[in-house]
Amino acid sequence: MSDAPLLEARGLSLRYGPIAALDEVGIEIHPGEVVAIVGESGSGKTTLLRVLSGLLRPEAGSVTYRDPEGTPHAVHSMGEAALRRLHRSDWGFVHQNPRDGLRMGVSAGGNIGERLMATGARHYGGLRAAATEWLQRVEIDPSRIDTLPGKFSGGMQQRLQIARTLVTHPRLVFMDEPTGGLDVSVQARLLDLLRTLVAELGLAVLLVTHDIAAARLLAHRLLVMRHGKVVEQGLTDRVLDDPQHEYTQLLVASVLAA
Amino acid sequence: MSAEAGYNFGYLDENTKRMIRRALLKAVAVPGHQVPFGSREMPLPYGWGTGGIQVTASVIGPDDTLKVIDQGADDTTNAVSIRRFFARVAGVATTERTGEATVIQTRHRIPETPLREGQILVYQVPMPEPLFRLEPRVAETKRMHALADYGLMHVKLYEDIARHGHVAISYNYPVMVADRYLMSPSPIPAFDNPKLHRMPALQLFGAGREKRIYAVPPYTDVRSLDFEDHPFRPVRADAPCALCGSRESYLDEVVTDDRGGRMFVCSDTDYCNTRQAAATQEAAE
Amino acid sequence: MAYVAVKGGERAIDAAHAWLAETRRGDAAVPELSLAQIEQQMGLAVDRVMAEGACYDRGLAALAIKQARGDLIEAAFLLRAYRTTLPRFGASLPIDSGAMRIRRRISATYKDLPGGQVLGPTFDYTHRLLDFALAGDRPVSQEPGRESPRPASLAGSQPAPAPAGIAAGLPRVTGILAQEGLMAPEAPGEAEPPDLTREPLAFPAGRPLRLQALARGDEGFLLAMGYSTQRGYGNAHPFVGEIRMGEVAVEILPPELGFAVEIGEITVTECQMVNQFAGSKTEPPQFTRGYGLVFGHGERKAMAMSLVDRALRADELGEEATAPAQCQEFVLYHCDNVEATGFVEHLKLPHYVDFQSELEKVREMRATVLREAAE
């Protein structure tokens with residue numbers, strides 16, 4: 001991991017009426033690093049993800065992205081065209097509900113090919129080859145390449161969304177509860193797959209989850225959020241095995257109890 | 001001929017024409033970009049060529065000669081109706097000969113006879129937005145044009161090839177204009193698309209109901225979307241015209257009885273008539 | 001304080017009715033409209049009221065229009081309300097639009113076809129310029145108006161049609177496509193179709209039920225729904241295969257006789273919209289049909305109906321249904337203007353009691369929010 005962070009945020013604040021969704025939040029993520037943001041629903045973690053990825057503008061604070069040449073860019077002042085370009089090349093976004101990340105009227109192969117075409121790929125045979133390879137990587141039978149995602153199970157849809165996102169080899173992937181809507185057994189398989197892909201591709205991942213087990217499996221570092229504030233952060237094992245903040249202790253205990 | 005009393009030359013008042021001309025100038029300056037304009041209610045229904053009529057009314061002068069075609073033919077009912085309209089409200093000369101016209105208003109075809117500098121081809125456009133089947137929200141498609149974010153259109157072509165082995169768009173085949181804007185060529189057959197490319201005549205597109213004008217200036221690059229390994233191929237019925245024998249022109253299929261009988265004839269009536277006359281003359285000589 | 005309450009409003013209602021009758025009549029110095037005038041000179045209004053009123057009777061429709069002061073939805077409502085009082089003796093045999101005595105018949109898919117294109121009495125190629133000649137009190141000549149171009153060169157066009165219709169037994173365009181196997185066949189169902197006038201809508205609604213609902217649905221609603229499918233909300237690539245309008249015989253089969261008896265003739269407009277279908281694993285690509293049929297000369301409605309019918313077949317044809325026009329419940333529950341106008345207009349009835357409880361609730365919620373903000 002290099003010293004310069006890939007993405008760095010300082011002093012992020014955002015209020016919804018009287019509620020502070022983000023309260024002076026700072027975070028940084030380095031190339032190849034997996035950082036999990038945990039907390040219960042309403043803690044502000046999804047808002048943080050949307051602000052960091054430029055989808056939502058904070059009232060205060062800044063988010064800086066460093067491109068492959070090392071040039072820093074202020075995410076919220078880069079303009080929509082540049083931000084979109086970033087989202088379809090260097091960045092990826094995996095939604096909790098695969099329907100939000102997939103085109104349900106487009107075949108599996110077309111879904112995987114979209115980002116390639118958006119970045120200029122114009123060779124049909126090449127697109128088919130890439131789609132076939134990625135279906136295999138996410139453990140979907142390549143003969144389903146022309147099937148609509150609606151015919152897939154929830155777990156397969158989520159794996160397809162991951163293939164569609166990773167096909168352009170992004171440097172940074174935002175994941176919002178990627179295992180959220182799935183059965184426990186399906187979750188385990190997906191987490192295993194994610195861990196393999198992240199390691200193979202050297203991805204930096206910002207993972208939002210309320211699932212402590214998922215965080216423990218995937219993340220190098222952990223941030224615990226409550227009421228829009230980061231109440232504790234550190235290496236995953238340290239935070240989970242020796243929680244300092246009472247809220248973290250509660251979170252960890254509730255997992256153990258369950 | 002003189003214009004109908006009680007109406008301004010070309011039906012529209014001069015201020016409206018100026019507004020449309022400003023939109024046209026902007027459209028010519030930004031080839032393929034859809035320029036919103038204050039489309040007026042016309043005495044023909046929306047969808048029947050009101051955009052084309054407003055454009056024609058704004059560019060036509062008393063010395064112009066107008067040709068109007070629908071489906072390539074001068075004698076189809078809507079072409080007859082529009083030609084009569086302009087004869088009545090502008091009093092201009094009309095013609096069926098492509099070569100003699102200075103302004104040609106068309107619905108769904110580009111004439112077979114190559115157009116030359118100084119001519120204006122006015123297209124009637126029902127739906128100016130090439131992306132509308134993929135993204136019906138106008139605000140979103142505007143953003144996609146602004147950002148040249150056209151991956152979705154290629155996804156559609158990819159899907160067609162995956163499902164049918166080739167692109168399943170036979171008309172209104174999307175094009176890139178001057179390497180920047182994705183544009184609907186209006187519902188001309190894909191067969192006509194190559195004629196858009198570097199055409200010496202000015203091409204103006206008017207969509208009355210959707211209130212958009214766009215243009216392709218003379219000699220502008222217009223490329224039909226495709227893949228490197230699935231290049232664009234225009235298609236026509238594999239038959240000669242039953243009347244003039246042309247193997248190059250676009251053909252209409254005419255059903256001759258209800259027992260499966262049919263024949264193919266040129267959709268461009270002027271082109272076909274000219275060839276037939278030439279053949280007759282040749283035979284006589 | 002005329003609009004006081006439901007209670008004690010009897011005098012107010014009587015007065016309103018008297019006022020309505022007076023207003024309906026208008027200036028007594030202007031001659032009163034006769035039903036024959038409405039029937040003859042407001043023919044398309046009569047047609048629309050018969051279609052949406054679901055009752056084929058020109059005289060009653062004219063009466064309804066007169067009584068409703070030209071409010072066509074109100075007139076359709078009057079006709080529907082009358083219709084429910086009529087005994088039902090039986091159902092007719094299916095009408096045969098192939099045997100129609102045709103007054104108008106056009107196809108947008110073929111330039112020429114057996115039997116030719118027949119423009120008939122259409123507004124299509126008129127220029128929409130107000131004809132001030134019609135404004136005068138002097139009688140307007142009967143000859144075709146100057147706004148009725150009949151291009152002599154129109155392939156296959158017929159001379160001015162006699163009102164009685166000019167041809168019968170012309171082949172349908174969809175039949176021509178079917179011969180080549182290009183049109184998805186529609187097998188006639190053996191099952192007795194449900195009757196929307198006697199049973200409530202049930203979902204999922206089969207095509208016979210859907211078509212019944214659409215046939216008496218509101219023209220404006222269907223128009224907007226059909227239009228939305230053309231603008232990308234629904235996957236439509238429609239072509240007018242054929243529109244035909246004219247007279248068809250209505251036959252019934254009295255069980256005691258054992259053979260069909262013609263009981264009369266009605267005017268109908270039929271539209272067959274041809275639509276692309278990409279094909280599926282089991283069926284090759286072909287065209288599919290959207291169908292519209294309405295009482296009288298109702299071309300706009302028949303076309304809109306055929307667009308909506310095709311959109312509603314999304315499920316059946318394995319297409320992704322995402323647009324409002326493809327949603328059965330959305331379309332069928334909202335297309336009936338008698339139901340719709342009743343429910344929309346009921347909002348002007350008193351709702352004091354419900355509103356009072358809303359008032360209390362909003363006051364309470366506001367108090368809570370303000371209290372918290374103060375803390």
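Laboratory data are not the source of any read-out in this text; all were calculated from the coordinates shown. Quantities reported herein were computed from a predicted structural model and do not represent experimental measurements. Cβ atoms come from the backbone with ideal geometry, glycine included; neighbour counts cover every protein chain shown.
General remarks:
- Residue-wise HN-Hα coupling along the range A:112-122, computed from phi with Karplus coefficients 6.51, -1.76, 1.60 (Hz; x: Gly, Pro): 5, x, 4, 5, 5, 5, 5, 9, x, 5, 9
- Residue-wise HN-Hα coupling along the range A:128-136, computed from phi with Karplus coefficients 6.51, -1.76, 1.60 (Hz; x: Gly, Pro): 4, 5, 5, 5, 4, 4, 6, 4, 5
- The modelled label-to-label distance for the pair C:Met365/C:Ala135, using points 7 Å beyond Cα in the direction of Cβ, is 5.4 nm.
- Peptide A:107-117 - average C-beta neighbours from other chains (10 Å radius): 4
- Exposed GluC sites (Glu not before Pro) absent - longest run of chain A, DSSP non-H/G/I/E/B, at most 16 other C-beta within 10 Å: A:140-258
- Residue mean of other protein chain beta carbons inside 10 Å, C:228-236: 4
- The amide H of C:Gly246, built 1.01 Å from its N in the peptide plane, has C:Arg103, C:Val268 as neighbours under 5 Å, considering only residues 5 or more places off or on other chains.
- Taking the helices alone, chain C has a mean residue ellipticity at 222 nm of -11000 deg cm²/dmol, built from -39,500 (n - 2.57) per DSSP H run of at least 4 residues and averaged over all its residues.
- Size descriptors for the range B:236-285: radius of gyration and Dmax over Cα atoms are 12.1, 40 Å.
- The A:Ser153 and B:Glu285 beta-carbon pair, evaluated with R₀ = 56 Å, returns a calculated FRET efficiency of approximately 0.15.
- Per residue Cα convex hull volume in Å³ - calculated over chain C: 247
- Chymotrypsin sites (Phe, Trp or Tyr not before Pro) lying in DSSP loop within the range B:126-163, provided at most 11 other Cβ fall within 10 Å: none
- Since only A:Pro72, A:Met104, A:Gly54 are under comparison, the one whose Cα sits farthest along the positive direction of the charge dipole of the range A:53-112, derived from C-beta charges on Lys, Arg, Asp and Glu, is A:Met104.
- When Rg and Dmax are taken over the Cα atoms of the range C:11-83, they come to 12.8, 38 Å.
- Evaluating 6.51 cos²θ - 1.76 cosθ + 1.60 at θ = phi - 60° for every residue in the range C:252-269, the Karplus couplings come out as 10, 10, x, x, 6, 8, x, 9, 7, 10, 7, 10, x, 9, 10, 8, 9, 10 Hz, glycine and proline recorded as x.
- Angle between chain C longest axis and helix C:43-53 axis [Cα atoms, degrees, rounded to 10]: 60
- Among the chymotrypsin sites (Phe, Trp or Tyr not before Pro) in the range C:1-85, those located in a DSSP loop and surrounded by at most 14 other Cβ atoms within 10 Å of their own Cβ are C:Tyr3.
- Where the Cα pairs of the protein assembly as shown fall when distances are cut into 10 Å bins, in %: 2, 9, 16, 19, 18, 16, 12, 7, 2, 0, 0
- With respect to chain C, whose longest principal axis is taken over its alpha-carbon atoms, helix C:352-374 is tilted by about 70°.
- Its Cα centre serving as origin, chain B has a Cβ charge dipole (Lys and Arg +1, Asp and Glu -1) of approximately 960 debye.
- Here is the list for the range C:1-103: trypsin sites (Lys or Arg not before Pro) lying in DSSP coil, each with at most 16 other C-beta atoms within 10 angstrom of its C-beta, are C:Lys7, C:Arg69, C:Arg88.
- Computed helical MRE - 222 nm, chain A, DSSP H runs ≥ 4 contributing -39500 (n - 2.57), nearest 500: -11500 deg cm²/dmol
- About its Cα centre, the dipole of chain A is roughly 880 debye, where the only charges are +1 on Lys and Arg Cβ and -1 on Asp and Glu Cβ.
- The amide H of A:Leu6, built 1.01 Å from its N in the peptide plane, has A:Ile29, A:His30 as neighbours under 5 Å, considering only residues 5 or more places off or on other chains.
- Cut-off under 5 Å, modelled amide H: who pairs with B:Ala242 long-range: B:Phe264, B:Val265, B:Cys266
- Ordering of C:209-218, C:106-115 by packing is C:209-218, C:106-115, highest average first (other Cβ atoms within 10 Å, averaged per residue).
- Reduced Cα scattering model of the range B:27-84, Debye log10 I(q)/I(0), q = 0.18, 0.27 Å⁻¹: -0.77, -1.20
- Taken over the range A:101-169, the convex hull of the Cα atoms encloses 75 Å³ per residue.
- Folded to 0 to 90 degrees: helix C:72-83 orientation relative to chain C principal axis, Cα: 80
- A simple spin-label model places pseudo-atoms 7 Å from Cα toward Cβ; at A:Glu24 and A:Glu40 they are separated by 2.4 nm.
- Spin-label model, B:Val235 to C:Ala99: label points 7 Å out along the Cα-to-beta-carbon direction sit 4.0 nm apart.
- On the basis of the beta-carbon distance and an R0 of 60 Å, B:Arg143 and A:Ala253 show a calculated FRET efficiency of 0.80.
- Computed over chain B, the per-residue total of -39500 (n - 2.57) for DSSP H runs of n ≥ 4 gives a 222 nm mean residue ellipticity of -9000 deg cm²/dmol, rounded to 500.
- Whole-angstrom gap from the range A:113-135 to the range B:154-181, using each part's C-alpha centre: 15
- C:His351-C:Ala29 FRET efficiency (beta carbon distance; Förster radius 35 Å; 0.05 resolution): 0.25
- For the range C:5-76 and the range A:154-231, distance of Cα centres in Å: 67
- Once Rg and the Kirkwood radius are both taken over the C-alpha atoms of chain B, their ratio Rg/Rh works out to 0.98.
- Whole-Å distance, taken between Cα centres, linking the range C:89-131 and the range C:284-298: 13
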